[in-house]
Every structure is written in C-alpha cells, then in structure tokens.
Amino acid sequence: MLYKLARPVLIVFFIISVALYAATFPFIKKRRTLKEKADEFLLALVLAILPKNRMQGLEWSEKIFRLFYKLGLGKKKVLVNLNIAFGKTKSPDEIESLAKQVYRHWSYAVFDILYFRKIERAEIDAIFQIDTPEIYEEIKKVQQEKGILLLTYHFGNSIATCYTGLIFENMYGYITTQTPLVDSILEQIRERFDKKITLYKKSAYNALQIMKALKSKKILSMAADFDVAKSDMFIPFFGTPASTPRGIYYFPVRSGCAVYLLFILRSEDHRYHFQFKKLTWADGQTEEETCMNIASAYFHELELMTERYPEHYMWFNSRWRTRPPGDDTKFYA
C-alpha cells in the first residue's frame, strides 16, 4: 500500500530530476566525479520506482520515453540521423513516425538492461530465442579449430548479447562506455548470466590480450559501429562515410579467426531473437585492403538489417560526427 501511494510522487520526482539532469549535463560532463554522482542518483531513483513485473515495467518505460519524446530529449539527434539515412526515401511525416518507433523500441531495451540485473535463470529461455540454430551449431564446431570474432551492433538490444555466455564455451565480451557506473552495470549483467564472461576494461583492451584470446580458440564479442574521433577509417553507411575503429578488423587478418555476426531482434511479444550469420569478404592484395573489405562487409550487413528494422538501430548516437579529411560537414550542433 505504501509503495502504491509513494510511486506517483517518485515518478513525478524522477521526471523533474531527469529534466534537470538533461539541462545541466553539458556543464558537468567534464567533471567526472559530479557526473558519476548524478548517474548514481538517477539509477537509484529509477530502480526505486521500477515495477517488479517485467511486462508492467515495459509498459511503464514506454510511457516515460513517450514523455521524453514530447519533451524533445535526444529527439534532435535522432531526427538528424534518420534524415541522413532515410531523408531521400521517406517523407518528413514518415521520419517523424519512425522517430516515435525508435523511442518506443529503446524504451523497452533500457528497461530490460535494468531488468537483466535481477533476472532468474528460469526466465532466460522464455525471453531469448535462437532463430538460426544451424549457424549457431556451426560456430561451435568452428571454435574447436580456431577462435571466433563475434561482431555485434548497437541494434535491437546490444546488452542482450550477455545471453551468448550461456550458449557458448569460453565466451568473452568487450563493452566499455564513458561512465564507470554503466560499465559496472554491464559487468553485473554479464556475471549474472555466466561467471566465465570477462568484461575487457579500457586498460585491458589491447591487441596482445585479444590476439591471445582468439588464438586460444575463444569467442570474443564486440561491436564496431560507433564513431571514433581519432580513426582514419571511414566506411559508407547509408551513403555517408562513417568512422569505425580500424584495429578490430586486423584481428581476423592476423589471428586467422573466423568472423560471425549477431543481430538481436525484439518481437512484439517482447522476446529477443538471435540471428547469427557468417561474415565473408574478399582478400585484398594488402593487409590494409583486406581490413577495408571486412569493414565494408560488416557495415553492408548492418545497413541491410537496418533498412528492414529501422527502429531497432541506436539512432541516439552521433554516428556521423567525425568526418573524413577535407569534409567540414557538421551534422550535430
């Protein structure tokens, strides 16, 4: 009873806190300690008002993100990205409608990120499903001979890749953000699924460790579809060059590992569907050319899947912020 009475007050307090946080973020993001405290405060507030039932929580989170959309939180960047990708094929009304779908989808994903922290093993198989069992079995067989680089994307719900720790042996994951608190949450989620999973911290993320893992016939999961300010590798994504971390594409060339892709789709019944696919590319005359071919194949598959399920992609990121030399275009304010 007390919880039911206090919950509306907490929700209003949460909305006001988020608005204040969003308004002051540009001024505190360089002050790491203050920002971390703000993150911790918001996380504690969210956890305090989240329903224990997953379906109720998903409904609740959708309402919150609908409010975020009306308030315009992150909306400008989402619309910029959608116009870069679909501006030539969709009308302004269609772009606006798609933006609402993006908010709806990621409202579910954000709630599940928190829900995964307390999920029980009995619930796991009811939420996750492998749609490509033949490729899944192929990966297990290939792993007996060589390492596997499992490339993922900021698509569907990238945190749901933690499920792979239950279905593969010697599974390692690499996820880092700019917020230590978020890194801690991600690590807790992965350990919740399987203690064997190791989260590569930034200090531990180096070529020697990753090469050693791949040559030891381990599976290493990581994403490469994010903006890298210092990268000099640019791959067309929806016709516009996008930066990507060059080093990732050297691992299969130098370690001889196999490369597979993982897409995670959310269905309307709120289950996550895992679709594995082997990545193939043409060998170039040089190592550099081969790496470019791998990166191009990686982004080509992402573009095809994003065209089919555009709301599943993380359009909140500044995907095209870094521009190639000589390109002074500024997509984001």
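The values are calculated or read from the model by the stated rules, or taken from the named source; none is laboratory data. Since this is a predicted model, take the numbers as computed values, not measurements. A quick note on method: Cβ atoms are made from the backbone with ideal geometry, for glycine too, and the neighbour counts reach across all protein chains shown.
For Trp320, the conditions (1) assigned by TED's automatic domain parsing to the domain that holds Ala224; (2) modelled with pLDDT of 95 or more are fulfilled apart from (1).
Here Lys90, Lys75, Lys118 are screened, and the one residue that is buried (at least 18 other Cβ atoms within 10 Å of the Cβ) and farther than 30 Å from Ala258 by Cα is Lys75. Among the residues of the range 124-143, the ones that are of a type outside the set (A, V, I, L, M, F, W, C) and under 14 Å from Val259 (Cα atoms) come to 5 in all. Look through the range 154-187, keep the residues that are farther than 17 Å from Phe128 by Cβ and modelled with pLDDT of 70 or more, and return whichever of them is surrounded by the fewest Cβ atoms within 10 Å (Cβ to Cβ). Per the stated criteria, the residue is Glu169.
Considering the range 91-112, the residues that are at pLDDT 95 or above and out of contact with any helix residue (DSSP H, G or I) (no Cβ under 7 Å at 6 or more places or on another chain) include one that is nearest to Glu268 (Cα to Cα), namely Ser97.
Restricted to the range 315-333, and to residues there that are buried (at least 16 other Cβ atoms within 10 Å of the Cβ) and touching a strand residue (DSSP E or B) at 6+ places or on another chain (Cβ under 7 Å), the residue that is nearest to Gly74 (Cα to Cα) is Arg319. Suppose we filter Ile264, Ile294 for residues that are within 20 Å of Leu220 (Cα to Cα) and not in a strand (DSSP E or B); which single one remains? Just one listed residue meets the conditions, Ile294. Scanning the range 236-273 for residues that are within 19 Å of the chain's Cα centre (by Cα) and of a type in the set (A, V, I, L, M) turns up Ala242, Ile248, Val259, Leu261, Leu262, Ile264, Leu265.
Only one of the numbered conditions (1) surrounded by 14 or more Cβ atoms within 10 Å (Cβ to Cβ); (2) among the basic types (Lys, Arg); (3) assigned by TED's automatic domain parsing to the domain that holds Ile167 is not met by Lys141, and that is (1). Within the range 196-212, is even one residue part of a helix (DSSP H, G or I), modelled with pLDDT under 75, β-branched (Val, Ile, Thr) and surrounded by 14 or more Cβ atoms within 10 Å (Cβ to Cβ)? The answer is no; no qualifying residue exists. Scanning the range 124-167 for residues that are assigned to a helix (DSSP H, G or I) and either on the phi > 0 side of the Ramachandran plot or free of Cβ contacts under 8 Å to residues at least 24 places away in the same chain (or both) yields Asp125, Pro133, Glu134, Glu137, Lys141. Among the residues making up the range 64-86, a single one is in contact (Cβ under 8 Å) with a residue 60 or more places away in the chain and outside any helix (DSSP H, G or I): Gly74.
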